[in-house]
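Single-structure report; data block below.
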Amino acid sequence: MKILVVNELLEERHVERIKAAAEECGAQVLFYKKPDEIPEADYDADVIYGFAPAIVNTSKKLKWLCAPWAGVDSLMAPGYFANEDCLLTNSAGAYGVSIAEHMIAVALVMMRRLNEFFAETWSGKWLSPRPQKSLKDSRVVVLGTGDIGTNFARRAKAFEPKKIVGVCRSGKADAAVYDEVFKVEDLDKVLPEADLLAMSLPGTPETKGILSRARIALLPKGAYVINVGRGSAIDEDALYESLESGHLAGAALDVFQTEPLPLDNKLWKAKNLLITPHVAGNLTLAYTKDKNVEMFLEDLKNFVASRPLRYLVDRKLGY
């Protein structure tokens, strides 16, 4: 069995762990930093941990692709896999801590108006205090109660909000974290009660445009929106207009319909919008990298033993 690891962000300790695991199961493992470094002689790999589209698109021998990221909607196009029976796993579960911390950070920046203070102090101005808001006693709605949303909700709970409401496909989530949980079809009933809407949805046909113009209008005046899931979930024109009109007090977007965000996109100049370039997750924290590798090695043992893979993606659901 030949395993290709294609990832320039792994550290030596991760490489050694993967080598040891491969040796234990009698596999050959080769490491590459980037896909274009892989010679055609290695296109016959059985397993890929990382990103190597040329092999995935052409090799009928590939049996398992382990994506080191959570969102795999880009891999769902018909014909993307030359071998339609190739197993696909993702790393949902590795990024909750990193992205939840990002969400808490931007929530506090917006609600305490730190972005305004930062902008003025960088230009040498000393400002007087101004009205601010707090997570304490706020009504928080978490749209998407998976690993990321629940990690955020768990941390937000420490700030003593009035309540934390979860919204998801099943209508079921951790009762120790959420005060109430609703199904997605009940979203219109929930939005008018949201002081802060935190979105962490996967990219699927069902989530596309879920925060429409009509639903943005349902949010109360002065509400805030955070999106770390997929940019396709929000009507960006409607969000821009709501920020400019003052209906929304602020928004923080880490994901966009087009990435990188085009330089001529009006969102760059939207009032009270925090923009980050899809950096809430990624393999940037030591914890995230450790967890990511642990998940791959766990499923490598399952794969070798012909057991079901724990982090297998449901192709029908898209995650």
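The values are calculated or read from the model by the stated rules, or taken from the named source; none is laboratory data. On a predicted model such as this, the values are computed, not experimentally measured, just so you know. Positions of Cβ are backbone-derived with ideal geometry, glycine not excepted, and every protein chain shown enters the neighbour counts. Remember, those area values only see protein heavy atoms, side chains included, never the ligands or the DNA or RNA. Shrake-Rupley method; radii C 1.70, N 1.55, O 1.52, S 1.80 Å.
Annotations for the structure displayed:
- First in the range 20-37 and surrounded by fewer than 13 Cβ atoms within 10 Å (Cβ to Cβ), second anywhere and among the charged types (D, E, K, R), Cβ under 9 Å, 6 or more apart: E24/K301; K34/E8
- Taking the range 233-253 as the range and being open to solvent by 10 Å² or more (accessible area, probe 1.4 Å) and in a strand (DSSP E or B) as the test, only A249 passes.
- Selection count where residues are touching a helix residue (DSSP H, G or I) at 6+ places or on another chain (Cβ under 8 Å) and among the charged types (D, E, K, R), scope the range 1-25: 3
- Listed conditions (1) open to solvent by 70 Å² or more (accessible area, probe 1.4 Å); (2) free of Cβ contacts under 8 Å to residues at least 24 places away in the same chain; (3) not in a helix (DSSP H, G or I) are all met by K208, apart from (2).
- E11, sole failed condition from (1) under 25 Å from the mean Cα position of the chain (by Cα); (2) closer than 17 Å to D290 by Cα; (3) crowded, with 18+ Cβ neighbours inside 10 Å: (3)
- Any hit, the range 144-155, residues being assigned to a strand (DSSP E or B) and closer than 22 Å to P192 by Cα: no
- Of A52, A70, A77, all but one fail to be more than 15 Å from L300 (Cα to Cα), under 27 Å from the mean Cα position of the chain (by Cα), open to solvent by less than 20 Å² (accessible area, probe 1.4 Å) and not basic (K, R); the exception is A52.
One line per residue, one yes/no per condition, for (1) in contact (Cβ under 8 Å) with a residue 40 or more places away in the chain; (2) touching a helix residue (DSSP H, G or I) at 6+ places or on another chain (Cβ under 9 Å):
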position	(1), (2)
A223	no, yes
R230	yes, yes
D235	no, yes
E241	no, yes
G250	yes, yes
L253	no, yes
D264	no, no
L267	no, yes
